[in-house]
Amino acid sequence: MRGQPPEALRTKCWLYFPEGNTPFYRATVFSNYAVSNVPRPGETWSLMCEVAESAYRSVDQRTLLDDVVRGVLSTGFVRDARDIVSTWSHRAAFGYPTPGLHRDETLAEIIPFFEGYGVFSRGRFGMWRYEVSNQDHSFMQGVEVVERLVNSRQEITAFDPDHANSRRHPWPFEKWES
């Protein structure tokens, strides 16, 4: 976008839109991550809008870009469509793991099966647990599976998401919590 982000967005990473009045569920102020994310830092800024679709929620690919632009304008973050310098669209067939009603029971069978063959499936898609699939969670799942294999330690992040999300790791690093 031409100009600078509105004051309300200058310190934001991303915002969620659960209301349903925009086609996107999240908008990321991508230019806030690094100045190299825009062609002319200080003169332009950027938004990345994410739209979800599924068997239960279809998206019209032919009108999607226009729908997103209208949604961005409706938020007030951009006041004039002429300030939109460029657009880019990408459709990823699989973007996030979508848990089903029997996910945990299914994983209780699949994970030991894989491990029987020496495959330790972890991370965003490896454990299919969206609630512990951020970068920090994925990193800790890797650390913890190695700790398990080398030192017989218990894995917490992958198998006890509620506990993993409620604890605070010491910083600077002192020792692993059990």
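Every number in this text was worked out from the coordinates using simple rules, so none of it is lab data. All values derive from a computational prediction rather than experimental measurement. Reconstructed Cβ throughout: ideal geometry from the backbone, glycine too, with neighbour counts over all protein chains shown.
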With +1 on each Lys and Arg Cβ and -1 on each Asp and Glu Cβ, how big is the dipole of the chain about its Cα centre, in debye rounded to the nearest 20? 580
Dipole in debye (nearest 20) - the range 7-83, about Cα centre, beta carbon charges: Lys, Arg +1; Asp, Glu -1: 140
In the range 109-156, the chymotrypsin sites (Phe, Trp or Tyr not before Pro) that sit in a DSSP loop and have at most 11 other Cβ atoms within 10 Å of their own Cβ are Tyr117
Amide H neighbours of Arg26 at under 5 Å, excluding residues fewer than 5 places away on the same chain, with H built from the backbone geometry, are Phe17, Glu50
Within a Gaussian network of the chain (alpha carbon springs, distance under 10 Å), most fluctuating of Ala92, Ala55, Ala34: Ala55
Semi-axis lengths (Å, descending) of the ellipsoid that matches the C-alpha gyration tensor of the range 103-166: 17, 15, 10
Return the tail of the calculated pair distribution for the range 7-83, meaning the percent of Cα-Cα pairs more than 17 Å apart. 48
For the range 60-149, inverting the pair-averaged 1/r of distinct alpha-carbon atoms gives a Kirkwood value in Å of 16.7
Volume per residue (Å³) of the convex hull spanned by the alpha carbons of the chain is 176
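Give the residue list of chymotrypsin sites (Phe, Trp or Tyr not before Pro) in the range 39-81 that are DSSP loop and have at most 14 other beta-carbon atoms within 10 angstrom.
Working: sites: Trp45, Tyr56, Phe77; in loops: Trp45, Tyr56, Phe77.
Taking the range 39-81 and a limit of 14 other Cβ atoms within 10 Å, the loop chymotrypsin sites (Phe, Trp or Tyr not before Pro) found are Tyr56.
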The chain: most fluctuating residue of Gly123, Gly95, Gly76 per GNM, C-alpha cutoff 10 Å: Gly76
Angle, helix 64-75 long axis vs. longest principal axis of the chain, Cα atoms, 0 to 90°, nearest 10? 80
